[in-house]
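Asker: Can you read through this structure? Questions will come right after.
Please treat every number below as a calculation from the coordinates, not as lab data. Small disclaimer: the values here were computed from a predicted structure and weren't measured. Neighbour counts are summed over all protein chains in view; Cβ atoms, including those assigned to glycine, are modelled from backbone coordinates with ideal geometry.
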């Protein structure tokens, strides 16, 4: 399964908006396996706490529980849609794959440029 950065952002935003002790699960019309897989990836990256169940038939189910400090930091770095689009376009321009480290680095460069005016 491919990593979907738009789904990653969506999960992080949904967790941020969730009330205390409210878990986030796949929403109506969303592929539950993809959601579960991305919860596992985000948990492995240390961005969220999640409960993930993998089944012998290949299915995966996930519940996103909360953002970690690193998850909040990452979300803040790509929060504005304009910043997110700039990071994606810069990565494409430079032939850089969208990895967590690349996104963080490009977001930091874009933020410094925005501050410098």
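Asker: Within 10 Å, count the other beta carbons around each residue, average over each peptide in 59-69, 33-43, and list them highest first.
Answerer: Order by mean packing, descending: 33-43, 59-69.
Asker: OK, next. Pop out the Kirkwood hydrodynamic radius of the chain from its pairwise C-alpha distances, inverse of mean 1/r, in Å to one decimal.
Answerer: 15.0
Asker: Quick one: what do you get for segment 5-74 if you divide its Cα Rg by 2.2 N^0.38 Å?
Answerer: This ratio for segment 5-74 stands at 1.01.
Asker: Rg over Rh of segment 40-98, using C-alpha atoms and the Kirkwood radius, what does it come to?
Answerer: Rg divided by Rh gives 1.11.
Asker: Rank the residues 109, 48 as a footprinting-exposure proxy: fewest other Cβ atoms within 10 Å of their Cβ go first.
Answerer: Neighbour counts put them in this order, fewest first: 109, 48.
Asker: For the chain, what does -39500 (n - 2.57) per DSSP helix run (n ≥ 4), summed and divided by total residues, give at 222 nm, in deg cm²/dmol to the nearest 500?
Answerer: Helices in the chain give a 222 nm mean residue ellipticity of -18000 deg cm²/dmol.
Asker: Next question. Just check segment 14-54 against the gyration tensor rule for me: Cα atoms, a ≥ b ≥ c as the square roots of the eigenvalues, rounded for a/c under 1.5, and otherwise prolate or oblate depending on whether a/b exceeds b/c.
Answerer: oblate
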